[in-house]
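None of the figures in this text is laboratory data; all of them are computed from the coordinates on show. Computed from a predicted structure; not experimentally measured. Neighbour counts run over all protein chains shown; Cβ positions are idealised from the backbone, glycine included.
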Amino acid sequence: MKLSVIIITKNEAHIIRNCLESIKWANEIIVLDSGSTDDTVAICRKYTDQVFITDWPGFGIQKNRALAKATGDWVLSLDADEVLTPELQAEIKLVLQQPRADGYYLIRRSFFCGKLIRFGDWRNDKVLRLFKRESGQFDDSPIHEKLLINGKTLNLKALMLHYTAESLDEILDKTNRYSRLSAAKKREQGKKSSLSTAIFHGIFAFLRTYVIKGGFLDGKAGFILAVIIAEGTYYRYLKIGIK
């Protein structure tokens, strides 16, 4: 079975090489870049000649654009900050020899500022990323897009590593950007909010990830991450009511 890997990028020079190294064995690598100003495009072109420069219509549409360029029987969708472990690479190769489903979930372990996060909202994290090309498509959501599979799905066992942010500035910038996009999506869906709603959801988000889901077991990093998740939730609901 031929495997195509699709990646969307923008200013990922600091991390993209590790991702590409882990999938350089794939039959095809397709990269859609939305205007990087660093060395992302140059680095990607060392691994594939299928690097395309596009505008930015949102996550769902961009991933469908990349999917439309794939020619493999199977597609693996990755973010630039995700890396396949050698064990996962071997498992994917084995699965593609005798697939038993139309899509597969990958178990993901995430790092925050260099610290492996084992608890909180990121525990038991799995993402649907490997799928038969003719059986899958992304929805058009501008953020938190979903991969829709027409058929059976199963879980793989080996791990994928996710290097979410190398610094507080990076994660805070991402939190602000994602809360803005998410709020815009909620407003389009007719959602409404208020200051009291934002405060309630922010407090609950902290308690959920730090206390209920055991984020405190990750030490200082767990507390910082719980605060950032709470902050992102608070701003998302606040921005729903403030354009």
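Where the centre of each part is set by its Cα atoms, how far does segment 15-77 sit from segment 187-206, in angstrom?
35
Test of understanding: in a Gaussian network model of the chain with alpha carbons linked when under 10 Å, which of Asp125, Asp218, Asp169 would top the mean-square fluctuation ranking?
It is Asp169.
Classify segment 3-165 from the C-alpha gyration tensor, please: rounded if a/c falls under 1.5, else prolate or oblate depending on whether a/b exceeds b/c.
It comes out rounded by the Cα gyration axes.
Could you identify which residue out of Ile203, Ile29, Ile229 has the top mean-square fluctuation in a GNM of the chain using Cα springs shorter than 10 Å?
Ile203
May I have the count of lysine pairs in segment 168-241 with C-alpha atoms under 30 Å apart, counting pairs 8 or more residues apart or located on different chains?
17
Report, to the nearest 10°, how far helix 59-69 tilts away from the longest principal axis of the Cα atoms in the chain, using its own Cα long axis and a range of 0 to 90°.
Between the helix axis and the principal axis of the chain, the angle is about 0 degrees.
Taking neighbour counts of Cβ atoms within 10 Å as a proxy for exposure, in what order, fewest first, do Met1, Met160 appear?
Met1, Met160
Among Glu82, Glu87, Glu188, which comes first, then next, by fewest other beta-carbon atoms within 10 Å?
Glu188, Glu87, Glu82
Sort Leu96, Leu148 so the one with the fewest other Cβ atoms within 10 Å of its own Cβ comes first.
Least crowded to most crowded, the residues run Leu148, Leu96.
Shape verdict for segment 168-241, please, from the Cα gyration tensor: rounded (a/c under 1.5), prolate (a/b greater than b/c) or oblate.
Oblate, because a/c is 1.5 or more while a/b does not exceed b/c.
Quick check for me: using +1 on Lys/Arg Cβ and -1 on Asp/Glu Cβ, what's the dipole size of segment 168-241 about its Cα centre, in debye to the nearest 20?
Around 420 debye, computed over segment 168-241.
Can you count the Lys pairs in segment 3-165 whose Cα atoms are under 12 Å apart, with each pair 8 or more apart or on different chains?
4
What angle do you read, to the nearest 10 degrees and between 0 and 90, between the alpha-carbon axis of helix 86-97 and the longest principal axis of the chain?
Long axis of 86-97 versus the principal axis of the chain: about 60 degrees.
Taking the chain as the reference, fit the longest principal axis to its C-alpha atoms, fit the long axis of helix 195-207 to the helix C-alpha atoms, and give the angle between the two in degrees, 0 to 90, nearest 10.
The angle comes out at about 60 degrees.
From the backbone phi of segment 218-228, what are the Karplus-calculated ³J(HN,Hα) couplings (6.51 cos²θ - 1.76 cosθ + 1.60, θ = phi - 60°) in whole Hz, Gly and Pro given as x?
Taking θ as phi minus 60°, the curve returns 8, x, 4, 4, x, 5, 4, 5, 4, 5, 5 Hz for segment 218-228.
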